[in-house]
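The values are calculated or read from the model by the stated rules, or taken from the named source; none is laboratory data. These numbers come from a predicted model, not from an experiment. Every residue, glycine as well, gets a Cβ built from its backbone with ideal geometry; the counts of neighbours run over all protein chains shown.
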Amino acid sequence: MLLVFWSTNCGSCLAILPELNKLHSELGPAVEVVGFPLQPDADLAACVVSRKGVLWPQIRGEEGDLINPLAETLGILKVPSLWIVDGNEVIRAAGLGRVEEVRACLADVMAGRR
């Protein structure tokens, strides 16, 4: 599973979304992708998801939360922050920031090298 923590006011986040769409399409059902918009404005996050054609589900905190509870629990301080979690719910990579890093890490995890 790939967890994508992002924000609408983060230029790097907005730039990486199309690359993540491509990766999501390439991987198909082999890797579930879930987004966590760290944005208190649900309408703005939904607008960006629609405009960028994001293909994976987004999980937000409760309305009015200033930060996503999972992001707070994990101590995420910067975005984009990409995390890889295996089928046993073990974190295999945390805080990645580039799609190339995600590709390499996913290849290692899927091959049992990580």
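Observations on the structure shown:
- Here Ala45 meets the list (1) modelled with pLDDT of 95 or more; (2) more than 16 Å from Arg103 (Cβ to Cβ) almost entirely, failing just condition (1).
- Number of the exception - Ala45 against (1) touching a residue at least 40 places away in the same chain (Cβ under 8 Å); (2) in contact with a Pro (Cβ under 7 Å, 6 or more places away or on another chain): (1)
- Which numbered condition Val33 fails, given (1) loosely packed, with under 14 Cβ neighbours inside 10 Å; (2) under 20 Å from Ser12 (Cα atoms); (3) not acidic (Asp, Glu): (1)
- Restricting attention to segment 72-92 and to residues that are out of contact with any Phe, Trp or Tyr (no Cβ under 6 Å at 6 or more places or on another chain) and surrounded by 20 or more Cβ atoms within 10 Å (Cβ to Cβ), the residue that is farthest from Ser12 (Cα to Cα) turns out to be Ile84.
- Checking the stated criteria, Ser81 turns out to be within 15 Å of the chain's Cα centre (by Cα), at pLDDT 95 or above and of a type outside the set (A, V, I, L, M, F, W, C).
- Restricting Arg60, Arg114, Arg51 to residues that are without any contact (Cβ under 8 Å) to a residue 60 or more places away in the chain, surrounded by 17 or more Cβ atoms within 10 Å (Cβ to Cβ) and of a type in the set (Lys, Arg) narrows the list to Arg60.
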